[in-house]
Amino acid sequence: QVQLVESGGGLVHAARSLRLSCAASSRTLSNNPLGWFRLVPGKEREFVATIAARGDFTQYADSVKGRFTITRDNSMNTVYLFMNKLKPEDTAVYFCATARFTGATLPANYANWGRGTQVTVSS
């Protein structure tokens, strides 16, 4: 079991940037693919991005492609989500989780969910 803790959320104006972090408080993450999801009240959890264990594969939702970048630093046991050109529709609680396999995009294929960090983008 691994505990994940997200941080870096906040309130920003549209077109600005934020960097989210997902850190493991227990065992190493270096063997796990990881992903970011987001949740808006009344909607289903939405896939945002995923990265392979060694960082050599990434995949993004169409809604964030070209604006968001997922990276990882296994020496720091941390995965990042760089969010640029933010839009009001990016407002959500963002979660990270470990993936059962590389390239997974469905929440059912993820585990060890963190508590999330709120991102609010004002217009």
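What follows draws every value from the coordinates through simple rules; no lab data is involved. This is a predicted model, so every value here is computed, not measured. Methodologically, a virtual Cβ is constructed for each residue, glycine included, from the backbone with ideal geometry; neighbour enumeration extends over all protein chains shown.
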Handout entry: Selection of chymotrypsin sites (Phe, Trp or Tyr not before Pro), segment 76-123, meeting DSSP coil and at most 10 other Cβ within 10 Å
Key = F101
Exercise for the section: With a cut-off of at most 16 other beta carbons within 10 Å, and DSSP calling the residue loop, which trypsin sites (Lys or Arg not before Pro) in segment 1-78 qualify? Please list them. Expected result: R16, R27, K43, R54, K65, R67
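Can you give the FRET efficiency for V2 and S123, using 1/(1 + (r/R0)^6), R0 = 35 Å, r = Cβ-Cβ distance, to the nearest 0.05?
Numbers: r = 37 Å, r/R0 = 1.05.
Using R0 = 35 Å, I get an efficiency of 0.40.
Would you please name the GluC sites (Glu not before Pro) within segment 19-113 that are DSSP coil residues with at most 12 other C-beta atoms within 10 Å of their C-beta? If you can, show how the numbers build up before the last one.
On the way: sites: E44, E46, E89; in loops: E44.
Of the GluC sites (Glu not before Pro), the ones in loops of segment 19-113 whose Cβ has at most 12 other Cβ atoms within 10 Å are E44.
Send over the semi-axes of segment 1-75's equivalent ellipsoid, whole angstrom and largest first, taken as the square roots of 5 times the C-alpha gyration tensor eigenvalues.
Numbers: eigenvalues 95, 45, 36 Å².
In descending order, the three semi-axes are 22, 15, 14 Å.
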Practice task
Once every Cα of segment 21-123 carries one equal point scatterer and solvent is ignored, give the base-10 log of I(q)/I(0) from the Debye formula at q = 0.10, 0.15, 0.16, 0.19 Å⁻¹, two decimals.
Solution key: -0.24, -0.55, -0.63, -0.89
